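Here's the structure we're looking at; comments come further down.
The values are calculated or read from the model by the stated rules, or taken from the named source; none is laboratory data. Bear in mind the structure is a predicted one, so any value in this text is a computation, not a measurement. Quick reminder, even Gly has a Cβ in these numbers, built from the backbone with ideal geometry, and neighbours come from all protein chains shown. The accessibility values were calculated without ligands, DNA or RNA, using every heavy atom of the protein model including side chains. Shrake-Rupley method; radii C 1.70, N 1.55, O 1.52, S 1.80 Å.
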Amino acid sequence: MLSVLFFIIIFSAMLGSFANVCIYRIPLEKSIVMPFSFCPLCKNTIKFYDNIPLVSFFLLKGRCRFCKGKISYVYPLVELIMAVGGGWLYLIYGLSISFFIGLIFLWILTVISVIDYYHQIIPDELSFLLIGLGLIFSFFNPFLEGFLDIFFNGKHSILWARLSSSFLGFLLGGGVLYLIAVMGEIIFKREVMGGGDVKLIAGLGAFLGIEKIFDVLFLACLGGTVIGGMLRITGRNKKWQPIPFGPFLCASAIFFLDNKLNIWYF
Ligand SMILES: [Zn+2]
């Protein structure tokens, strides 16, 4: 059990390394497979022994071996998020389908969050990946269970319940956010919500289902309002300066990867 947990944490940290490659390359529209990782400053190829998740950053004291240029702390942070997240999912679900679905979900959301934070864009290929996988996985996605119970009192196919929860989460999650975006533009005469956020929440809905998607939205709005308000009060942000909403959506969606958590009765 403990050795499996250890292996899971290392494996997840390696997924974090791959997330870093995607975070750096997808916005530049470069291949995520080739070439090997290189230093963005001096372009030297990073040796395999300098590419150990988390460990290498500290051994190299956060600097490139060749040019001594500073490596962003975001790299080990992403690896840490994946390592901790992977271990957390294993402790909740063990080695089960829920665990693997949760891990893939966590990985995509981590990549989206960091890209949105730095570039204020959510690449379409990532949103579409989320929507596609969410709908395909829905057949055996245990996060979607329970839906339809109130209508049919358990006398229905569990597959049908999962698929409809996923599809309605995709449709209504995306639909409601699209309405907010359109109305916001009419009322405030400016873009209050990007098209990227609409596609992202459609994907979150496909993964987490109709029951959870509005909880995700509520928690993300709460987080965005609190953090945005703090940035405004401390003078770090000007009025109307947009803050990326993607990381808030992703963080609250990750929160709900623990199926037992419920914001309404803590
Ligand atoms: Zn370098």
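Apart from one condition, SER157 fits all of (1) hydroxyl-bearing (Ser, Thr, Tyr); (2) modelled with pLDDT of 85 or more; (3) open to solvent by less than 80 Å² (accessible area, probe 1.4 Å); the exception is (2). The set of residues from the stretch 126-141 being under 14 Å from the mean Cα position of the chain (by Cα) and not aromatic (Phe, Trp, Tyr) comprises LEU126, SER127, LEU129, LEU130, ILE131, LEU133, GLY134. The condition (being closer than 30 Å to LEU261 by Cα and open to solvent by 30 Å² or more (accessible area, probe 1.4 Å)) is satisfied by just one residue among ILE23, ILE92, ILE52: ILE92. Would you tally the residues in the stretch 203-218 being open to solvent by 10 Å² or more (accessible area, probe 1.4 Å) and under 20 Å from GLN120 (Cα atoms)? The number of residues fulfilling the criteria is 1. Among the residues examined, ILE52 qualifies as in the same structural domain as LEU5 (by TED's automatic domain parsing) and within 30 Å of LEU2 (Cα to Cα).
Within the stretch 29-49, the set of residues being open to solvent by less than 70 Å² (accessible area, probe 1.4 Å), within 14 Å of the ligand (Cβ to nearest atom) and touching a Cys at 6+ places or on another chain (Cβ under 6 Å) comprises CYS39, CYS42. Listed by position, the helices (runs of 4 or more DSSP H) contained in the stretch 1-111 that have at least 2 residues being more than 20 Å from the chain's Cα centre (by Cα) are 2-25, 55-59.
Checking each residue in the stretch 203-244 for being at pLDDT below 90 and in a loop (DSSP other than H, G, I, E, B) picks out THR234, GLY235, ARG236, ASN237, LYS238, LYS239, TRP240, GLN241, PRO242, ILE243, PRO244.
Here is the figure for the stretch 55-84: residues that are hydrophobic (A, V, I, L, M, F, W, C), crowded, with 18+ Cβ neighbours inside 10 Å and away from the ligand (no atom under 16 Å from the Cβ) total 4.
Based on what the data block shows, is ALA181 modelled with pLDDT under 90 and either open to solvent by 20 Å² or more (accessible area, probe 1.4 Å) or assigned to a helix (DSSP H, G or I) (or both)?
So ALA181 fits the description; yes.
Does ILE52 fit the bill of being within 15 Å of the ligand (Cβ to nearest atom), of a type in the set (Val, Ile, Thr) and more than 24 Å from GLN120 (Cα to Cα)? Here the answer is no, as ILE52 does not meet what is asked. The single condition among (1) open to solvent by 70 Å² or more (accessible area, probe 1.4 Å); (2) outside the structural domain of GLY195 (by TED's automatic domain parsing) that ILE136 does not meet is (2).
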